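Asks: Sharing a structure here in structure tokens format.
None of the figures in this text is laboratory data; all of them are computed from the coordinates on show. All values reported here derive from a predicted model rather than from experimental measurement. Because the Cβ atoms are built from the backbone with ideal geometry, glycine has one as well, and the counts that use them run over all protein chains shown.
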Amino acid sequence: MTHYFGGLRAVHNYNLEIEPGQLRGLIGPNGAGKTTIFNLITGRYTPTEGKIFLDGDEITGLQPHQIASMGLGRTFQNLRLWRHMTVIDHVRLARYSKISYGLVGAFFDTPKRRKEEAEIEEKAYSLLELVGIPHLADQIVTNLPYGDQRRVEMARALATDPKILFLDEPTAGMNPEELIEMMEIIRHVHDELGLAIFLIEHRMKVVMDLCQIIQTLVFGEVIAEGTPEEIRSDPKVIDAYLGKEVVI
């Protein structure tokens, strides 16, 4: 796909194919177009040229909530959590995209509603356990340390039962201890759920340790794609992004 903002070409001839269960990464300098690509695929923008498919179904031009309901979950570079809501409520609210009891069930408290609400509660707690914060369920999210807020955001994204999870700089702003913990969570989520993951990261340790395939983006174009070993030693990547003196 290709995308323009007015006369500025932000993405050019971008191609991506992610297999079920695959963990892929996208790296590049600031302004390379990484988050723009996430926003194009997840429906915040519509590409100027090209088409996007999710599990065989075209999603080009659909709204973000429609794409999410079809199996694409995401987190954001800048946290987008709701102030004054608890941790568990964040996950519950995302899970409501799966309810089927409707207005009648809500008004008359039908057995179907009670059953689905119980399932939502159970699912929400299981996701908090998956990311390691079930003990924080009743805490107001803005009172939590930054690293735990990132975990809440991931649990919320997982509540929609995605087939693929997009992580936009999941370790941004974290200290070294939080970074290691988040890497372990990503591994754990990947292993336990078996879903595909596509992540943007600036920290090379995260990308090189986690990802099976990595793309390098410069000025909206992919200049290299391969395994961590191939990316680490590619002269184009070293010159354009990593720097000749960098040792990974």
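Asks: Report, ordered by chain and residue number, the lysines lying within cross-link reach of Lys98, taken as a straight Cα distance under 25 Å and ignoring same-chain residues fewer than 8 apart.
Replies: Lys98 reaches Lys112, Lys115, Lys123, Lys163.
Asks: Can you list residues whose amide H is under 5 Å from Val218's amide H, if they're 5+ apart or on another chain and H is modeled 1.01 Å from N?
Replies: Under 5 Å from the amide H of Val218 lie the amide H atoms of Ile223, each far enough along the sequence or on another chain.
Asks: Using helices alone, what [θ] at 222 nm do you get for the chain, with -39,500 (n - 2.57) per DSSP H run of 4 or more residues, divided over all residues and rounded to the nearest 500? All intermediate terms of the calculation are to be shown ahead of the outcome.
Replies: Details: 9 runs with 94 residues, N = 248.
So the helix-based figure for the chain works out to -11500 deg cm²/dmol.
Asks: Using Cα pairs closer than 8 Å and at least 6 residues apart in sequence, work out the relative contact order for the range 82-185, in percent.
Replies: Details: 97 pairs, mean separation 36.9, N = 104.
Over the range 82-185, the number comes to 35 percent.
Asks: Oh, and also: Which order do Ile120, Ile197 fall in if you start with the one that has the fewest other Cβ atoms within 10 Å? Write down the numbers at each step before the final one.
Replies: Details: Ile120 19, Ile197 25.
Sorted ascending by nearby Cβ count, the order is Ile120, Ile197.
Asks: Separate question: Springs between alpha-carbon pairs under 10 angstrom, Gaussian network model over the chain: which of Ser97, Ser233, Ser126 fluctuates most?
Replies: Ser233
Asks: Here is a further query. For a quick check: sort Glu229, Glu119 by the number of other beta carbons within 10 angstrom, fewest at the front.
Replies: Details: Glu229 10, Glu119 13.
Least to most surrounded, the residues fall as Glu229, Glu119.
Asks: What do you get for trypsin sites (Lys or Arg not before Pro) in the range 64-156 restricted to DSSP loop and a cutoff of at most 11 other Cβ within 10 Å of the site's Cβ?
Replies: Filter output for the range 64-156: Arg80, Arg83.
Asks: Also: Relative contact order for the range 176-237: what is it in percent, counting Cα pairs under 8 Å that are at least 6 residues apart?
Replies: Computed value for the range 176-237: 20 percent relative contact order.
Asks: Something else about it: I need the chymotrypsin sites (Phe, Trp or Tyr not before Pro) found in the range 24-111, filtered to DSSP loop residues with at most 15 other beta carbons within 10 Å of theirs. Could the numbers behind the result be given before it?
Replies: Details: sites: Phe38, Tyr45, Phe53, Phe76, Trp82, Tyr96, Tyr101, Phe107, Phe108; in loops: Tyr45, Phe76, Trp82, Tyr101.
Answer by residue number: Trp82.
Asks: Please work out the C-alpha center-to-center distance from the range 185-244 to the range 44-112 and express it in whole Å.
Replies: Each part's Cα centre sits 27 Å from the other's.
Asks: Something else: Let me check against my output: what whole-number percent is the relative contact order of the chain, with C-alpha pairs under 8 Å and at least 6 apart?
Replies: Working: 403 pairs, mean separation 71.5, N = 248.
Once normalised by length, the contact order is 29 percent.
Asks: Cut-off under 24 Å on the C-alpha distance; same-chain residues fewer than 8 positions from Lys205 excluded. Which lysines are left, in chain and number order?
Replies: Lys34, Lys236, Lys244
Asks: For the chain, with a Gaussian network of springs between Cα atoms less than 10 Å apart, report the residue from Gly61, Gly33, Gly105 with the top mean-square fluctuation.
Replies: Largest GNM mean-square fluctuation: Gly105.
Asks: Cut-off is 10 Å between beta-carbons; in what order do Met208, Met85 appear when sorted fewest neighbours first?
Replies: Arranged by neighbour count, lowest to highest, Met208, Met85 become Met85, Met208.
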